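So the structure is just underneath, and the comments pick up after that.
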Amino acid sequence: VQIYSLHVDCKVTSRFAHTVITSKIVNRANESREATFEVELPKTAFITNFSMSIDGKVYPGIIKEKASARKEYDSAVSRGQSAGLVRITGRKLEQFHVSVSVAATSKVTFELVYEELLKRQLGTFELLIKVRPQQLVKHFQIDVRIFEPQGIRFLETNSTFMTNELTEALTKVQNETKARILFKPTIDQQKINPDLDETLLDGDFVVRYDVKRGATAGDIQVVNGYFVHYFAPHEMPVIPKNVIFVIDRSGSMGGRKIEQTRDALLKVLQDLRPEDHFGFITFNNKVVEWKSSLLQATAENVASATGFVQTLSASGGTDINRALLTALSLLEKAKGLPERSVSMVILLTDGQPTSGERNVEVIQENIQKAVNGKYALFCLGFGFDVSYDFLEKMALSNGGIARRIYEKADAALQLQGFYDEVATPILMKIEMQYPENAIEGLTKNNFKLFFEGSEIVVSGKIKNELDLLPVEIKAQSHASDLTLKEEANVKEKEQVFQNQSYIFGNFIERLWAYLTIQQLLEKSISAQGEDQKTLEAQALELSLQYNFVTPLTSMVVTKPAGEQHVELANKPTEAG
């Protein structure tokens, strides 16, 4: 069974990426064989289309509500025969895998389409394409086209498998607003060495870029009555932060995990700014405060904390409740903190609560009451023994986010990377205001904090024939209260995207749907009862309308008769 063509075509229009992967396979044997299509895609993406065509007959994947897809699947197959087509394969990726039987000398074409909004982190957008054909491919190409009306500030590609020969197969053409990257290695260039039929192509192909930013109130783009507004101020003074690290040192953290945690914390201590205040709480079944109040990050205090971190060792149980409550009361009674500052708690744990209060719902309630909307809580779950659901709900209910730290050699870098993202708050209480009577379906438009290097994205539908879309942004910076105003000329903005070969359909409308679904799902995590049902129903309706495989939908893939007839593609979540 030979893959004779594998194309990855990706269009990124104003951060919204639309990727089509097409694999053409021929069975050169004189009996039927199994052909497999295996693709890794970013976890942040939604699959929006899949089809197989075998000898000219097309078998499309149909996206349905999860429960009805499951019913269809159960009536077609006795339970438990198939593992589903999608599974998480790492920190950033999930894998889509389907196989089908192909008759002698027959051909099959697989096509998978997925979409995602690229998220700015530490000043960069990253497009990740996983390359693993597992054989030499006659017609192999990756074709990436980027169109950013704001202008491309920098663009780089790198990959984990490049050699000098392969570099010759890579071309990059770029002007002010557009870039095209084409990677088209010949069979000889793909070989590890000339005598063996083994491929070099195995790893990540990454495009990183950022856009130019002129206007202070961000950039507005409009297509077919939908708008998106990007706001990423830079070169602003940093707001001092008051941060308490709450570190699990229970028995299960022993060995490599506690070492990696120590390494990361030592680096983080060096990165604190002199105007920051900080504290440490470590816990097993006992809770220990490094100092009984927050200290300023002077050289002397940082040195003292460094000594403390170096002595961290692991044993005992896990009292998450008391550890967090202790941290929050430290913040509550703190004196002499800068008047304009950001207070946050960063929890790192690798397990379930096993000491003190063990009921996660009671813990969530206690913490929410103590946070009372005043602080941000970030929860890092180390490894796979944590209850990620619990950490995620707690973080999202308290103005923060949760992140899983994978137990790999680079865990210390993962921890540092997370800290870097939240290390530099430059705005608080950001409100993005639009004329109420003219906009509907507005996505989230007020944000507690803005960190240097990230980006705020708001999207919505322009209701009536507006000529001008006025925008007002209110926020608090380190020194003052800001009001930024901007007016977008709708007709002019629409012109930007006319007759561009780089555009796919109503991409801002799809971007709006993608963002709305993501936010509804996120909100539903920390919602209760009826509220949760309503949010999920709205997200489901949009997922079906725009054909996205989300945690609420499944794609039903029907194969030719005679094989295991129906398979399901579901969206895996970090919480499992």
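I'd like the full set of residues that are in contact with a Lys or Arg (Cβ under 8 Å, 6 or more places away or on another chain) and hydroxyl-bearing (Ser, Thr, Tyr), limited to segment 318-350. Once the filter is applied, which keeps residues that are in contact with a Lys or Arg (Cβ under 8 Å, 6 or more places away or on another chain) and hydroxyl-bearing (Ser, Thr, Tyr), segment 318-350 yields 341, 343. The set of residues from segment 340-355 being within 25 Å of residue 412 (Cα to Cα) and either touching a Pro at 6+ places or on another chain (Cβ under 6 Å) or open to solvent by 70 Å² or more (accessible area, probe 1.4 Å) (or both) comprises 342, 352.
Could you tell me whether residue 49 is outside any strand (DSSP E or B) and surrounded by fewer than 21 Cβ atoms within 10 Å (Cβ to Cβ)? No; evaluated as a whole, the condition is false for this residue. Does residue 81 satisfy being in a loop (DSSP other than H, G, I, E, B), open to solvent by 20 Å² or more (accessible area, probe 1.4 Å) and modelled with pLDDT of 90 or more? So residue 81 fails the test. Total residues in segment 528-576 satisfying the condition of being touching a residue at least 24 places away in the same chain (Cβ under 8 Å), among the hydroxyl-bearing types (Ser, Thr, Tyr) and under 27 Å from residue 396 (Cβ atoms): the figure is 5.
When segment 298-321 is limited to residues that are over 23 Å from residue 367 (Cα atoms) and in a loop (DSSP other than H, G, I, E, B), the one that is least open to solvent (accessible area, probe 1.4 Å) turns out to be 312.
Within segment 543-556, does at least one residue satisfy the condition of being out of contact with any helix residue (DSSP H, G or I) (no Cβ under 8 Å at 6 or more places or on another chain), over 24 Å from residue 11 (Cα atoms), open to solvent by less than 50 Å² (accessible area, probe 1.4 Å) and in a loop (DSSP other than H, G, I, E, B)? There is no residue in segment 543-556 that is out of contact with any helix residue (DSSP H, G or I) (no Cβ under 8 Å at 6 or more places or on another chain), over 24 Å from residue 11 (Cα atoms), open to solvent by less than 50 Å² (accessible area, probe 1.4 Å) and in a loop (DSSP other than H, G, I, E, B). Scanning segment 413-463 for residues that are part of a helix (DSSP H, G or I), surrounded by 19 or more Cβ atoms within 10 Å (Cβ to Cβ) and among the hydrophobic types (A, V, I, L, M, F, W, C) yields 415, 418, 422.
Selection of segment 116-147 for residues being out of contact with any Asp or Glu (no Cβ under 9 Å at 6 or more places or on another chain) and either more than 21 Å from residue 7 (Cβ to Cβ) or of a type outside the set (A, V, I, L, M, F, W, C) (or both) yields 116, 117, 126, 138, 139. With a requirement of 2 or more residues that are within 30 Å of residue 355 (Cα to Cα) and in contact (Cβ under 8 Å) with a residue 12 or more places away in the chain, the strands (runs of 3 or more DSSP E) lying completely within segment 149-268 that satisfy it span 241-248.
Can you report the number of residues in segment 207-221 which are among the polar types (S, T, N, Q) and surrounded by fewer than 18 Cβ atoms within 10 Å (Cβ to Cβ)? Matching residues across segment 207-221 total 1. Here residue 514 clears all of (1) touching a residue at least 24 places away in the same chain (Cβ under 8 Å); (2) surrounded by fewer than 20 Cβ atoms within 10 Å (Cβ to Cβ) except the condition numbered (2).
Matching residues to (1) more than 30 Å from residue 511 (Cα to Cα); (2) surrounded by fewer than 17 Cβ atoms within 10 Å (Cβ to Cβ); (3) touching a helix residue (DSSP H, G or I) at 6+ places or on another chain (Cβ under 7 Å):
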position: 150; (1), (2), (3): no, no, no
position: 180; (1), (2), (3): no, yes, no
position: 202; (1), (2), (3): yes, yes, no
position: 233; (1), (2), (3): no, no, no
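When residue 224 is tested against (1) farther than 24 Å from residue 484 by Cα; (2) open to solvent by less than 40 Å² (accessible area, probe 1.4 Å); (3) not assigned by the TED database to the domain that holds residue 151, exactly one condition is not met: (2). Of all residues in segment 235-262, none satisfies the criterion of being at pLDDT below 95 and in contact with a helix residue (DSSP H, G or I) (Cβ under 7 Å, 6 or more places away or on another chain).
Count, please, the residues in segment 87-110 that happen to be under 20 Å from residue 514 (Cβ atoms) and at pLDDT 90 or above. Here the count works out to 4. Just one of the listed residues (115, 38, 65, 34) is charged (D, E, K, R), open to solvent by 60 Å² or more (accessible area, probe 1.4 Å), on the phi < 0 side of the Ramachandran plot and in contact with a His (Cβ under 7 Å, 6 or more places away or on another chain), and it is 38.
Residue 429 passes every criterion in (1) touching a Cys at 6+ places or on another chain (Cβ under 6 Å); (2) not assigned by the TED database to the domain that holds residue 373 apart from (1). Residue-level check: of (1) among the charged types (D, E, K, R); (2) surrounded by fewer than 17 Cβ atoms within 10 Å (Cβ to Cβ); (3) under 24 Å from residue 239 (Cβ atoms), residue 408 misses just (3). Once segment 356-389 is narrowed to residues that are open to solvent by less than 40 Å² (accessible area, probe 1.4 Å) and within 19 Å of the chain's Cα centre (by Cα), the residue that is nearest to residue 574 (Cα to Cα) is 388. Put simply, of 337, 295, 324 the only residue that is hydrophobic (A, V, I, L, M, F, W, C), under 30 Å from residue 450 (Cα atoms) and open to solvent by less than 20 Å² (accessible area, probe 1.4 Å) is 324.
Filtered by the rule that a residue be part of a strand (DSSP E or B) and closer than 30 Å to residue 338 by Cα, segment 464-486 gives 472, 473, 474, 475, 476, 481, 482, 483, 484, 485.
The values are calculated or read from the model by the stated rules, or taken from the named source; none is laboratory data. All of these numbers come straight from a predicted model, not from anything done at the bench. For neighbour counting, all protein chains shown are included, and Cβ atoms are generated from backbone atoms with ideal geometry for every residue, glycine included. Quick note on the areas: whole protein, heavy atoms, side chains included, nothing else; ligands and nucleic acids left out. Shrake-Rupley method; radii C 1.70, N 1.55, O 1.52, S 1.80 Å.
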